[in-house]
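Encoded as structure tokens, the structure appears first; notes follow it.
Every number in this text was worked out from the coordinates using simple rules, so none of it is lab data. Given the structure is predicted, the values throughout are model-derived calculations rather than measurements. All Cβ positions, even for glycine, are placed from backbone atoms using ideal geometry, and neighbour counts span all protein chains on display.
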Amino acid sequence: MNRPQRALQHGLATCLCCHQLVELPAGGRCQCPRCGARVHGRIDGSLMLTWALTITGALLLLPANILPVMTVIYLASGEPSTIISGVMQLYHAGLWGIALIVFVASIAVPVMKLVGLALLLVQIQFRLPLIPRQAMKLYRVVSGIGRWSLLDLFMISILVALVDMGAIAQVAAGPGSTAFATVVVVTMLAARSFDPRLIWDVYDQRQSVNTENDKKGVAGNG
Amino acid sequence: MQHGRDKTPTHWQRACHECDLLLTGRLAPPGQKLLCPRCNATLHRNAKNSIRYTAALSLTGLVLFIPTASLPLLHFSIFAFGAENTLVNGVLSLFDAGYIWLSTLVLFCSVLAPLGKFLLLAFICWGSGWAFLDRPVGAAVRWYQHLKEWGMLDVYMLGILVALIKMSDLGKMEVEPGLYCFVAMMLVANLTTLSFDPQAVWDRMGRRRERRLRAAGAGESS
Ligand SMILES: [Zn+2]
Ligand SMILES: [Zn+2]
């Protein structure tokens, strides 16, 4: 059977920075001759690092959603709002378009990212049967959307400066925003440290085991 | 010089950075994309006149950065009281309120990373014409790749829109000239990202090295 040729089997690796094809020395890592980045067959400790960052992100998601992120004080009244209550306020004010944007950016995206990463990690860790095209799609979504979560924090930093009129109106940040900022950074780093080539490693390994079993089955019958 | 020649009859030119598939094609034709046949990753996007456009765009971005960072973006007023926001004064008030980590992140993603990207690209485009700058330019390309996803002007733009709509029923919101500069800078930043093709820089360096070798050879033979 004509199986796809992969770089690591031939002792080659691609530089993740400049995409130069490099011959790996015995140690399995070297410096890219073209851009000077470190080159390794697979990202070092990718699984462990991504697991650690994903779990950290999931744990931090709790304080990020329970603690208030922002307080709008208008005419000496106002109470701290969390991310969810901020979305609800927008929805009740009839601004459902904006409410949807904020909901997607600050609730749906982080949760989707963490769940997506966990799914990929479980599939690779336990070498489950996977459909590589689907897994790649998931990986690309997960690594592409993360940055939009910072929307809420940018909005807070704009409002803090903009609504600053002492007793009449004031916006103050809350401790939840720190936790949320950390969630965003941690999940972005998690997506970075995940090596999609591991998906194909698992897939190829399963394929080769299957074909061997088929051969054995044929031999046994014959 | 070529890699993996001794082991395989084919000259592998490139390995997919997302699935490790070895490929014989190296570059996309001008103005087109080269996709991985196995996982559909974009291996190379060949932008026309990449270096020239990127140089012009990054200089435009740097020029636009000055008014964007100094002029106010929005003006908000309730009764006779008003306040303005610039790119940095929100960060400063967050910092004063003790949110050091949050304000650093916002500053990094909305000011430092975009500025750094423009500076690095301007340096790369200018420096790739000089032989003695080969190493620093290689390092600059590497830093640019790391910095790329942290420049979030587009997310910040959405943050401005959400803030604008959210506060519109509380008081009067006015758009200041800085915002127009900001929008222009955001567009230029996105165009710069699209037009920059690191492969063009490597090719330029490679051509120069070849020319020098040939000149040295001609000098010896005469
Ligand atoms: Zn490299
Ligand atoms: Zn691929």
Within segment A:125-178, count every residue that is assigned to a strand (DSSP E or B) and in contact (Cβ under 8 Å) with a residue 60 or more places away in the chain.
5
Residue among B:Thr54, B:Thr24 that alone is hydroxyl-bearing (Ser, Thr, Tyr), crowded, with 16+ Cβ neighbours inside 10 Å and more than 10 Å from ligand 2 (Cβ to nearest atom)
B:Thr54
Kindly list the number of the only condition in (1) out of contact with any strand residue (DSSP E or B) (no Cβ under 7 Å at 6 or more places or on another chain); (2) more than 30 Å from B:Arg211 (Cα to Cα); (3) among the hydrophobic types (A, V, I, L, M, F, W, C) that fails for B:Leu94.
(1)
Specify which of the listed residues (B:Ile100, B:Ile66) is exposed (fewer than 15 other Cβ atoms within 10 Å of the Cβ) and within 22 Å of A:Met188 (Cα to Cα).
B:Ile100
Does segment B:129-141 contain at least one residue that is within 16 Å of ligand 1 (Cβ to nearest atom), facing chain A (nearest Cβ under 7 Å) and of a type in the set (Gly, Ala, Ser)?
yes
Can you name the condition, by its number, that A:Ala167 falls short on among (1) within 11 Å of chain B (Cβ to nearest Cβ); (2) closer than 24 Å to B:Gly159 by Cβ?
(2)
Residues (touching a residue at least 12 places away in the same chain (Cβ under 8 Å), in a helix (DSSP H, G or I) and surrounded by fewer than 20 Cβ atoms within 10 Å (Cβ to Cβ)) located in segment B:165-185:
B:Pro177, B:Val183, B:Ala184
Could you look through segment A:19-44, keep only residues that are touching a residue at least 24 places away in the same chain (Cβ under 8 Å) and away from ligand 2 (no atom under 16 Å from the Cβ), and pick out the one that is surrounded by the most Cβ atoms within 10 Å (Cβ to Cβ)?
A:Val39
For B:Glu18, work out the one condition from (1) in contact (Cβ under 8 Å) with a residue 40 or more places away in the chain; (2) buried (at least 19 other Cβ atoms within 10 Å of the Cβ); (3) assigned to a loop (DSSP other than H, G, I, E, B) it doesn't fulfil.
(1)
Scan segment B:88-102 for residues that are facing chain A (nearest Cβ under 7 Å) and farther than 14 Å from A:Leu162 by Cβ and jot them down.
B:Ala97, B:Tyr99, B:Trp101, B:Leu102
I'd like to verify a number: residues in segment B:144-166 that are hydroxyl-bearing (Ser, Thr, Tyr) and either more than 7 Å from every other protein chain (Cβ to nearest Cβ) or over 23 Å from the mean Cα position of the chain (by Cα) (or both), how many?
1
